[in-house]
Amino acid sequence: MSPPKGRTWAPRGQRPVVRVRGRGQGRVNVAGVSCYCPGCRSHLFYKLHVHHGRKGEPKSFAWTDYRDLIVVTHQQLGTPVVWCWDNLNRHLVRELTDFAEENKGWLRVFQMPSYAPELNPQEGIWSLLKRGIANFVATNLTGLERIVKRKLKKIQYRPELIDGCLAETGLVIEAQ
C-alpha cells in the first residue's frame, strides 16, 4: 500500500522533496477492534505485525493472531463479546469458526455483508490513522512502526473519535 498523501505549505510550484533510503521491502500490518457498549466508554484494541522482508518470515497475520486478539479483547473488557467480521479470507478459516463454536458461551460471531465497508466502524479508524500519518517520513521500518503506534494510541485515548466512527456507519447500539 502506498503512503497516504497530504497537503503541504510549500510555495506554489516548489514541491518539497524528501529523500528516504531503503528498498521498501518491509511492511507494518495492523489488526484493530472497535468496542462499543451502551453507557460505557468506547475502546480500541489493536495488534501490529511487522514484516521485515526476510525469507520464511510470515507477511501477514495468521489465524492464531486473530484468535489471540479476540481472547485479549474479551479479557480486557471482562464481558461477553459480539464479534463482527468483514470478509477477509483469514477471518473465514475453519479454525476460527471452530474456536468461536468452542467459546460460544462468551463469543458470538457475525459475518458482515460482502462489499459493505460503510457498515464497518473500523474503516473509520483506518481513515483517521491514514490521515494522521500523511506527510510523515519514516526512515526505516522501526520508525514506521513507532509512528503507527503513536497515532493509534492518540485515537485510543479519544473515545469520542471511536464513537464518531460508529455514528458514521448509521448503526445504533441499543441497551437490552
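The values are calculated or read from the model by the stated rules, or taken from the named source; none is laboratory data. Note that the coordinates shown come from a computational prediction; the quantities given were computed from them, not determined experimentally. Quick reminder, even Gly has a Cβ in these numbers, built from the backbone with ideal geometry, and neighbours come from all protein chains shown. Accessible surface areas use protein heavy atoms only, side chains included; no ligands, DNA or RNA. Shrake-Rupley method; radii C 1.70, N 1.55, O 1.52, S 1.80 Å.
The table that follows gives values for the structure above.
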read-out	value
Count of the range 75-113 residues which are of a type in the set (Phe, Trp, Tyr) and farther than 20 Å from TYR36 by Cβ	1
Residue list for the range 43-57, filter: within 20 Å of VAL148 (Cα to Cα) and either in contact with a strand residue (DSSP E or B) (Cβ under 7 Å, 6 or more places away or on another chain) or open to solvent by less than 50 Å² (accessible area, probe 1.4 Å) (or both)	HIS43, LEU44, PHE45, TYR46, LYS47, LEU48, HIS49, VAL50, HIS51, GLY53
Listing of helices (runs of 4 or more DSSP H) fully contained in the range 61-176 that carry 1 or more residues being farther than 20 Å from ARG41 by Cα and aliphatic (A, V, I, L, M)	94-102, 121-133, 141-156
Residues that are modelled with pLDDT under 90, touching a Pro at 6+ places or on another chain (Cβ under 8 Å) and closer than 16 Å to LEU48 by Cα, drawn from the range 104-157	ILE133
Unmet criterion (only one of (1) modelled with pLDDT under 95; (2) under 14 Å from the mean Cα position of the chain (by Cα); (3) farther than 28 Å from ILE173 by Cβ) for HIS49	(1)
Of all residues making up the range 74-91, the number that are open to solvent by 90 Å² or more (accessible area, probe 1.4 Å), free of Cβ contacts under 8 Å to residues at least 24 places away in the same chain and within 18 Å of GLN122 (Cα to Cα)	1
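Here's the yes/no breakdown for (1) out of contact with any strand residue (DSSP E or B) (no Cβ under 7 Å at 6 or more places or on another chain); (2) more than 16 Å from PRO80 (Cα to Cα); (3) at pLDDT below 70:
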| residue | (1), (2), (3) |
| --- | --- |
| PRO3 | yes, yes, yes |
| ARG15 | yes, yes, no |
| VAL30 | no, yes, no |
| VAL33 | no, no, no |
